[in-house]
Amino acid sequence: MRPLAALAVLVPLAVTTPLLAFAAPEVEAASRIDGVTVFRSSARVVRALRIEVGAGASHVVLPGLPAELDDDSIRVEGRGGGRVEIHGVTVERVRRERAVAVEARAAEERLEGLQDEDRALQDRVKAAQARAAFVESLRSTYSEERSRNLAVRPLSAKEWAEAATFVERQLADASAAVRQAEVARRDLRRRIEQARAALDQLAAKRGETTKRVAIDVTASRSGAIELAVAYTVPSAGWEPVWDVRLDAPRSSVELAFYGSVWQRTGEDWSGVRLAVSTTVPGRALSIPELAPRWLDRAVSRPPLSPQAPAPEAARKAVRATGPAPAEAEAADEDLVAAVEPQAAVETGLLATTFTAPGRESVDGAGQARKIALARFPLPAELGRTAAPRLDRAAYLTAKVVNATGFPILPGAAGVYVGDQFVGRAALRSTPAGGDLQLAFGADDRVEIERRVLERKHDTSGLLDKKDVWRYRVRIGVKSRWDEPVRLTLLDLVPVARDASIEVAVLDGSTRPTREDPERPGVRAWELDLKPRQEQVVEIRYEVRHPRDAAIAGLE
């Protein structure tokens, strides 16, 4: 056969020319799903078909497509051995009653056949049980008769043994036949239940609707043509799933990226080229317009009380691992570690698409399929972070720069330290080149104690009396590691929202490394702890407010 000549044609949904629609012969084509691109809440499905057509006009029909496909999204590409023209596409809604009726009749016949087999097995059981009853009655009659005639003709020991053996063999054969039939009936009952379930499922489909797509084409000569029909369905989507693995000895973090794909279109995607895209169809297709914002006198409301300090967070029962010894070499050098192939990544102007390395299958009833997309080893800056006002634990952390080349999508992540699973966390959205802070559990070898050493109340002023509260907070830190450890210690000094309240940091306070501009009052101390070293951070401040005024938020 001559090679197919490509036909660069994209045809949107259109009304078929009436003359062509009536004159062209209808050819029903079998198609297969060849490729799917899944978006966050929809999917683009591409069906491929190859069909023989005659010279001139043909009406190619694809039946059994999902009823929920978007009619306006249909596009057709084609190619053939000669000149091929695609004139238009129509979409029709079709009730499934006729097709389902044929399938239902076949299912009923299968069920009836299985029920006939079950009745035959019941007959075998009854026959074996009747034979056993007959042998039992024969043995009883024979024994009574021989007992009455012992004086006339006594039986030898051999004759008694042969009679007993005959009876035993017959009863054993009957019992074996019953057991075999019961085993066969158990398996048959499962098949009957499955057949009934299939029949019930077909009965539920009688009212379902599908769509069929008709494509009007003309070919310059008879032969094979190939068509690719693409359409969008809404009942599909995917979610990013991550594995985050810390390699402490190498100061690196590996991000393993997966896509959890699901669809409920009613048709299975079997052996398709599967891709997931970060595109959100329909998003930001209109430019926002700002409306005027008017200022007016507001109704006065009582000020909100500051939120009470949160209770101490639950300590994670995970001990951060220190530098691990070098891994032992494999005992069998012939064994090669299994690897996951990487997806092909295509970065566009506004989105990124990941195409799975192999063909994938996704169930059409909503069962999610997790596919491996990519792995990214990233250098990490290891440390510990603690906020002892809330929790005395120091958490093992890693700061990484997103050098993947595309935004890290938010999603659930399984967190590992080496090969040890430590829990699950939410990975936040991080742009390309942005910083990502990851936590790996509490490090029990960094001990922290926060104590309020002084809480002193006084008054000041002769005429304008004020209450004065002075605080002295000491935070003791002790490392039990045999190597240096960096700790980021977080605490705060309260911030006044009322002009009559004054807050001042006093001499003797440990100078912080930095203050958080987005969280007023929060301060950070970067401590480089030497092996088994102890350090102390002190916070001293005072709060002044009008005499006898109730102040919320004091320590």
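The values are calculated or read from the model by the stated rules, or taken from the named source; none is laboratory data. Remember, it's a predicted structure, so these values are computed and weren't measured experimentally. In this analysis, Cβ positions are derived from the backbone assuming ideal geometry, glycine residues included, and neighbour counts consider all displayed protein chains.
Residue check, Ser235 against (1) in contact with a helix residue (DSSP H, G or I) (Cβ under 8 Å, 6 or more places away or on another chain); (2) in contact (Cβ under 8 Å) with a residue 60 or more places away in the chain, all met but one. Which one?
Here Ser235 clears every test but (1).
Taking the range 483-534 as the search range and keeping residues that are touching a residue at least 60 places away in the same chain (Cβ under 8 Å) and more than 40 Å from the chain's Cα centre (by Cα), which one is nearest to Gly553 (Cα to Cα)?
Taking the range 483-534 as the starting set, the residues that turn out to be touching a residue at least 60 places away in the same chain (Cβ under 8 Å) are 483, 485-492, 494, 497-498, 529.
Cutting the leftovers down to more than 40 Å from the chain's Cα centre (by Cα) gives us 494, 497-498, 529.
Values: Pro494: 8, Arg497: 11, Asp498: 12, Leu529: 32 Å.
My answer is Pro494.
Condition test on Asp419, is it more than 30 Å from Ala372 (Cα to Cα) and modelled with pLDDT under 95? It would help to see each step written out before you state the result.
Working: more than 30 Å from Ala372 (Cα to Cα): no; modelled with pLDDT under 95: yes.
So Asp419 fails the test.
Residues being part of a strand (DSSP E or B), among the small types (Gly, Ala, Ser) and over 30 Å from Glu267 (Cβ atoms): count how many of those fall in the range 236-250.
First, the residues of the range 236-250 that are part of a strand (DSSP E or B): 236-247.
Retained after the next criterion (residues that are among the small types (Gly, Ala, Ser)): 236-237.
Among the residues that remain, those that are also over 30 Å from Glu267 (Cβ atoms) are: none.
Total satisfying the criteria: 0.
In the list Arg153, Arg148, Arg95, which residue meets the criterion of being at pLDDT below 75 and closer than 30 Å to Asp200 by Cβ?
Details: Arg153 fails: closer than 30 Å to Asp200 by Cβ; Arg148 fails: closer than 30 Å to Asp200 by Cβ.
After applying the criteria, what remains is Arg95.
When you look at Val417, is it touching a Gly at 6+ places or on another chain (Cβ under 6 Å), crowded, with 18+ Cβ neighbours inside 10 Å and either aromatic (Phe, Trp, Tyr) or within 14 Å of Arg245 (Cα to Cα) (or both), yes or no? Lay out the reasoning, then the answer.
Working: touching a Gly at 6+ places or on another chain (Cβ under 6 Å): no; crowded, with 18+ Cβ neighbours inside 10 Å: yes; either aromatic (Phe, Trp, Tyr) or within 14 Å of Arg245 (Cα to Cα) (or both): yes.
Taking the combined requirement at face value, the residue does not satisfy it.
Can you confirm whether Ala67 is farther than 26 Å from Ala195 by Cα, in contact (Cβ under 8 Å) with a residue 40 or more places away in the chain, of a type in the set (A, V, I, L, M) and not in a strand (DSSP E or B)? Working first, answer last.
Working: farther than 26 Å from Ala195 by Cα: yes; in contact (Cβ under 8 Å) with a residue 40 or more places away in the chain: yes; of a type in the set (A, V, I, L, M): yes; not in a strand (DSSP E or B): yes.
Yes; evaluated as a whole, the condition is true for this residue.
Kindly indicate the residue of the range 457-467 that is part of a loop (DSSP other than H, G, I, E, B) and among the charged types (D, E, K, R) and also nearest to Leu554 (Cα to Cα) among those meeting that condition. Lay out the reasoning, then the answer.
Just the residues of the range 457-467 that are part of a loop (DSSP other than H, G, I, E, B), to begin with: 461-465.
Applying the additional criterion that residues be among the charged types (D, E, K, R) yields 464-465.
Values: Asp464: 22, Lys465: 19 Å.
Per the criteria, the residue is Lys465.
In the list Glu483, Glu534, Glu518, which residue meets the criterion of being closer than 17 Å to Ala393 by Cα and loosely packed, with under 15 Cβ neighbours inside 10 Å? Working first, answer last.
Details: Glu483 fails: closer than 17 Å to Ala393 by Cα; Glu518 fails: closer than 17 Å to Ala393 by Cα.
Exactly one residue qualifies, and that residue is Glu534.
Answer with yes or no whether Ala387 is of a type outside the set (S, T, N, Q), in the same structural domain as Val244 (by TED's automatic domain parsing) and more than 24 Å from the chain's Cα centre (by Cα). Let's see the steps before the verdict.
Details: of a type outside the set (S, T, N, Q): yes; in the same structural domain as Val244 (by TED's automatic domain parsing): yes; more than 24 Å from the chain's Cα centre (by Cα): yes.
Judged against the criteria, Ala387 is a match.
Which of the residues that make up the range 422-475 are among the β-branched types (Val, Ile, Thr), surrounded by 13 or more Cβ atoms within 10 Å (Cβ to Cβ) and modelled with pLDDT under 95?
Of the range 422-475, the ones among the β-branched types (Val, Ile, Thr) are 422, 430, 446, 448, 452, 459, 468, 473, 475.
This time we only want the ones that are surrounded by 13 or more Cβ atoms within 10 Å (Cβ to Cβ), so: 422, 430, 446, 448, 468, 473, 475.
The answer is Val422, Thr430, Val468.
I'd like the full set of residues that are in contact (Cβ under 8 Å) with a residue 24 or more places away in the chain, part of a strand (DSSP E or B) and closer than 24 Å to Val345 by Cβ, limited to the range 416-436.
Going through the range 416-436, the residues in contact (Cβ under 8 Å) with a residue 24 or more places away in the chain turn out to be 416-418, 420, 422-423, 425, 427, 430-436.
Remaining after also requiring part of a strand (DSSP E or B): 416-417, 420, 422-423, 425, 427, 430, 435-436.
Tyr416, Leu427, Thr430, Asp435, Leu436 - these are the residues of the range 416-436 that are in contact (Cβ under 8 Å) with a residue 24 or more places away in the chain, part of a strand (DSSP E or B) and closer than 24 Å to Val345 by Cβ.
Does Val493 satisfy the criteria of being crowded, with 17+ Cβ neighbours inside 10 Å and over 17 Å from Arg384 (Cα atoms)?
Working: crowded, with 17+ Cβ neighbours inside 10 Å: yes; over 17 Å from Arg384 (Cα atoms): yes.
Against the criterion (crowded, with 17+ Cβ neighbours inside 10 Å and over 17 Å from Arg384 (Cα atoms)), Val493 qualifies.
Just to check your reading of the model, which residue among Ser270, Ser252, Ser286 is buried (at least 16 other Cβ atoms within 10 Å of the Cβ), of a type outside the set (Val, Ile, Thr) and modelled with pLDDT of 60 or more? Even if it seems obvious, please write down each step before you answer.
Values: Ser270 fails: buried (at least 16 other Cβ atoms within 10 Å of the Cβ); Ser286 fails: buried (at least 16 other Cβ atoms within 10 Å of the Cβ).
Going through Ser270, Ser252, Ser286 in turn, the sole match is Ser252.
If you take just the strands (runs of 3 or more DSSP E) that sit entirely in the range 468-539, which of them hold at least 1 residues that are of a type in the set (Gly, Ala, Ser)? If you could, list the steps in order and put the result at the bottom.
Numbers: elements: 485-492, 502-505, 522-529.
Here the list reads 502-505, 522-529.
This table checks each residue for (1) modelled with pLDDT of 90 or more; (2) not hydrophobic (A, V, I, L, M, F, W, C).
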{"site": "Arg315", "(1), (2)": "no, yes"}
{"site": "Glu327", "(1), (2)": "no, yes"}
{"site": "Asp332", "(1), (2)": "no, yes"}
{"site": "Arg359", "(1), (2)": "yes, yes"}
{"site": "Ala380", "(1), (2)": "yes, no"}
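Within the range 444-456, identify whether any single residue is in a strand (DSSP E or B) and under 37 Å from the mean Cα position of the chain (by Cα), and answer yes or no.
Within the range 444-456, the subset in a strand (DSSP E or B) is 446-456.
Applying the additional criterion that residues be under 37 Å from the mean Cα position of the chain (by Cα) yields 446.
Yes, the range 444-456 contains at least one residue that is in a strand (DSSP E or B) and under 37 Å from the mean Cα position of the chain (by Cα).
Within the bounds of the range 65-80, is there any residue that is touching a helix residue (DSSP H, G or I) at 6+ places or on another chain (Cβ under 8 Å), closer than 21 Å to Tyr231 by Cα and of a type outside the set (A, V, I, L, M, F, W, C)?
Here is the first cut: in the range 65-80, the residues touching a helix residue (DSSP H, G or I) at 6+ places or on another chain (Cβ under 8 Å) are none.
So far as the range 65-80 goes, no, none of its residues is touching a helix residue (DSSP H, G or I) at 6+ places or on another chain (Cβ under 8 Å), closer than 21 Å to Tyr231 by Cα and of a type outside the set (A, V, I, L, M, F, W, C).
Does Val61 satisfy being assigned to a strand (DSSP E or B), surrounded by fewer than 19 Cβ atoms within 10 Å (Cβ to Cβ) and modelled with pLDDT under 90? Before you say what the answer is, go through the steps one by one.
On the way: assigned to a strand (DSSP E or B): yes; surrounded by fewer than 19 Cβ atoms within 10 Å (Cβ to Cβ): yes; modelled with pLDDT under 90: no.
No, not satisfied.
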